[in-house]
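Every number here is computed from the coordinates shown, using simple stated rules; none is lab data. Remember, it's a predicted structure, so these values are computed and weren't measured experimentally. As a convention, Cβ positions derive from the backbone with ideal geometry for all residues, glycine included, and neighbour counts pool all protein chains shown.
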Amino acid sequence: QVQLVESGGGLVQAGGSLRLSCAASGSIFSISFMGWYRQAPGKQREFVAGFTSGGSTNYADSVKGRFTISRDNAKNTVYLEMYSLKPEDTAVYYCRVLGGRRDYWGQGTQVTVSS
């Protein structure tokens, strides 16, 4: 059974940085997407950053230049490095993997940025 476990969230002041990790246990075949979404209170879940099946990266306009997504295939882990954090980045961050016609989500990790 596949599980995605996020870690690394927390409370940080504006301008600070955090690194999120998402570790996948179990085997996921034919991965077409690995990435991060977030959901702020009262808002819809939104795309943040991700890898396509071809290995290219995409970012939401709101985080370009501040967030960096990376992965370690040997560890089945994807990372999200977040710099110059703003209060509007406050949200629950979720890891998502699409593979083998399945859609996997982690449980989420809270990121709170204080002004």
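The table for this structure:
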| read-out | value |
| --- | --- |
| Calculated FRET efficiency for the pair Val2/Ala40, C-beta based, R₀ 22 Å, to 0.05 | 0.25 |
| Local electrostatic count at Ser53 - Lys and Arg +1, Asp and Glu -1, tallied over other residues with Cβ under 15 Å | +3 |
| Cβ-placed point charges (K, R +1; D, E -1), dipole of the chain about Cα centre in debye, nearest 20 | 140 |
| GNM flexibility winner over the chain from Ser56, Ser25, Ser84 (Cα, springs under 10 Å) | Ser56 |
| Inter-site label distance for Asp61 and Lys75 at 7 Å from Cα along Cβ, in nm | 3.4 |
| Length gained when the stretch Ser17-Gln110 is fully extended (0.36 nm per residue, less Cα-Cα span) | 32.1 nm |
| Shape of segment 1-69, Cα gyration tensor, a/c cut at 1.5 | prolate |
| The chain: relative contact order in percent, alpha carbon pairs under 8 Å with at least 6 residues between | 37 |
| The chain pair-distance distribution - Cα-Cα, 10 Å bins, rounded % | 15, 50, 29, 6, 0 |
